[in-house]
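Participant: Quick one: structure below, then a few questions.
None of the figures in this text is laboratory data; all of them are computed from the coordinates on show. Note that the coordinates shown come from a computational prediction; the quantities given were computed from them, not determined experimentally. Ideal geometry is used to build each Cβ from the backbone, glycine not excepted, and the neighbour counts take in all protein chains shown.
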């Protein structure tokens, strides 16, 4: 495979629409993600961010709009969604074929530090471990685009920090593009090259995050970007009435 | 400790005997804690055997001493002797074989129809609309009440017994398979789709294994229903099978043979349940693992 040009978009979406009856959830969203770019999609509950991701992933036949994806995609959901009747390794191998599947699965599990748990049942794993298996299941497909729907939203705060670190590391190693749906402003700023804010089915803010890696909430510039995003999301500073 | 013993078996009432027979404190018992399980097995198991053994002894004594009239209820030892005699001359095995053939044929026929229709109704919206309403209506009818109608339809021969067993086995399998397929987490199906699984592959990797626990439950209920149907069916114009053996013995007041027949029915039920539990434990390792953790 030839290295794609840096500017060639891995995902182009035009006029994404979705309505549930009279309620319009997506109101003509355009979105482009460059190869290797990590885009965070922020929004309050009900803003349409998960709906957009599902539409982009092709999981919503009722949605309208045009989606063009160049290369493979993989999805990580908020819940791990592992099949309880398959061992961890078989879950990761789901839908793969070829002679080297076992080796690829083992490599993917090793990358999420679960090399030893391939024979375990999903029910025997902790929440963080299960979510790492879900990441391995996505990773083993060598996606050009990773769609993440609040992937760490159900985890405790400490595990979440570790998972964010893991995701950043994997991104650096594999160079996949990612669309990260989240409601966590810090998470968005720690991981993303660009942040989008969606409100009432429209993208209302598109900001390039020019912060040096590794990022840290106390580094210069982080606080101002954070404040901007929170303002846009309608969260007033502490002590100031909205 | 007696409280713990109670919880170990109270969750599985029809299988409680089976659970004791295979030496484990019930399928729902804490397999993962060997020390506790061992203590639970050694102490209460003899205590739980006290009353059945005492009852048996009392029965035996009452029979021997003549308190229980021989023609009302013969002593257990008499029943066992009769069993040995009938097993020795081969007639017991012939009757048993005939009954098993009926039960097996009926189960296969009813089970196949149930799996086919259950899958159609569970998987396809059109199938659901067309198949489920009539089945739900028919299920309200106690199938044993159909005997007179069945006699008119298929006669009093072998087809009657097999039809009864098939009908009895059909509903539990259909209903549980249908519910099992309907109950599958759609989020798992969706995740399988994002992994590139086509419709057939999703059926094989998600729907089938997801519905398997319900299918096993249906099968267990179906086998119980099959034995019940057989008991009723074999009381109508039969000249072979365990039911015939009982009916014939009643006419000649051979109470020992009657009781032996009942015992055979009980053992058949127990053995089939044990076999199914064994198969279930093999097929649903992930499920038992879930309960253990």
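Participant: Can you order the peptides B:66-75, A:88-97, B:152-161 by their average number of other Cβ atoms within 10 Å per residue, highest first? Don't jump to the answer; show the numbers that get you there.
Facilitator: On the way: B:66-75: 13.5, A:88-97: 19.9, B:152-161: 15.4.
Final packing ranking: A:88-97, B:152-161, B:66-75.
Participant: In percent, what relative contact order does segment A:127-216 have, based on Cα pairs under 8 Å that are 6 or more apart in sequence?
Facilitator: On the way: 75 pairs, mean separation 21.2, N = 90.
Relative contact order for segment A:127-216 comes out at 24 percent.
Participant: So for each of A:57-70, A:183-196 I average, over its residues, the number of other beta carbons within 10 Å; can you give me the resulting order with the highest mean first? Walk me through the numbers before you get to the answer.
Facilitator: Working: A:57-70: 14.7, A:183-196: 21.3.
Put in order of decreasing packing, that is A:183-196, A:57-70.
Participant: Once the Cα atoms of helix A:222-232 and of chain A are each reduced to a long axis, what angle between those two axes, in degrees from 0 to 90 to the nearest 10, is obtained?
Facilitator: 70 degrees
Participant: Right, another one. Angle check, please: helix A:101-111 long axis (alpha carbons) against the longest principal axis of chain A (alpha carbons), in degrees 0 to 90, nearest 10.
Facilitator: 50 degrees
Participant: Rounded if a/c is under 1.5, else prolate if a/b beats b/c, else oblate: with a ≥ b ≥ c from the C-alpha gyration tensor eigenvalues square-rooted, which is segment A:165-242?
Facilitator: On the way: a/c = 2.39, a/b = 1.46, b/c = 1.64.
It is oblate, given that a/c is not under 1.5 and a/b is not larger than b/c.
Participant: In addition: Would you please state which residues of segment B:251-280 a label at residue B:70 would reach in this model, taking the label point 7 Å out along Cα→Cβ and a backbone N cut-off of under 14 Å?
Facilitator: Label zone hits: B:253-257.
Participant: Still on this structure: To the nearest 0.05, how large is the calculated FRET efficiency for residue B:89 and residue A:126 if R₀ is 56 Å and r is the Cβ-Cβ distance?
Facilitator: Working: r = 64 Å, r/R0 = 1.14.
My answer for the efficiency is 0.30.
Participant: Could you order peptides B:136-145, B:101-110 by the average number of other Cβ atoms within 10 Å of their residues, highest first? Show your work: numbers first, answer last.
Facilitator: Values: B:136-145: 12.5, B:101-110: 20.5.
Order by mean packing, descending: B:101-110, B:136-145.
Participant: Need one value for B:186-199: mean number of C-beta atoms belonging to other chains within 10 Å of its residues' C-beta atoms.
Facilitator: Values: counts 0, 4, 6, 1, 6, 13, 4, 5, 15, 14, 8, 2, 1, 0.
Average neighbour count from other chains, rounded to a whole number: 6.
Participant: Just to verify a number: FRET efficiency for residue B:156 and residue B:61, C-beta to C-beta distance, R0 = 41 Å, to 0.05?
Facilitator: Details: r = 43 Å, r/R0 = 1.05.
Step by step, r from the Cβ atoms, then E = 0.45.
Participant: Further, regarding this structure: Between residue B:199 and residue B:138, what is the spin-label point distance in nm, taking each point 7 Å from the Cα along the Cα→C-beta axis?
Facilitator: Going from the residue B:199 label point to the residue B:138 one covers 2.6 nm.
Participant: What is the mean number of Cβ atoms from other protein chains located within 10 Å of the Cβ atom of each residue in peptide B:99-111, rounded to a whole number?
Facilitator: Per residue, the average neighbour count from other chains is 0.
Participant: Please compute the average number of Cβ atoms from other chains found within 10 Å of each residue's Cβ in peptide A:78-84. Mind showing how you got there, number by number?
Facilitator: Working: counts 1, 4, 1, 9, 2, 10, 8.
Mean partner-chain Cβ count within 10 Å for A:78-84: 5.
Participant: At 7 Å along Cα-to-Cβ for each site, give me the label-to-label distance between residue B:285 and residue A:165 in nm.
Facilitator: So the label points at residue B:285 and residue A:165 sit 3.5 nm apart.
Participant: Also, quick follow-up: Assuming 0.36 nm per residue, please report the length gained on full extension of the stretch residue B:101 to residue B:275 beyond their Cα-Cα distance. Walk me through the numbers on the way to the answer.
Facilitator: On the way: separation 174, 0.36 × 174 = 62.64 nm, distance 1.71 nm.
Here the answer is 60.9 nm.
Participant: Something else about it: Compute the helix-to-body angle for A:157-174: its Cα long axis versus the longest principal axis of chain A, expressed 0 to 90° and rounded to tens.
Facilitator: The answer is roughly 80 degrees.
Participant: Quote the relative contact order of chain A in percent (integer), defining contacts as alpha-carbon pairs under 8 Å separated by 6+ residues.
Facilitator: Details: 441 pairs, mean separation 62.7, N = 242.
Relative contact order comes out at 26 percent.
Participant: Any idea what the relative contact order of segment A:85-142 is, in percent, if you count C-alpha pairs under 8 Å spaced at least 6 apart?
Facilitator: On the way: 60 pairs, mean separation 28.3, N = 58.
Reported as a whole number, the value is 49 percent.
Participant: For residue A:110 and residue A:66, what does the FRET efficiency come to when R0 = 51 Å and r is the distance between their Cβ atoms, rounded to the nearest 0.05?
Facilitator: 0.85
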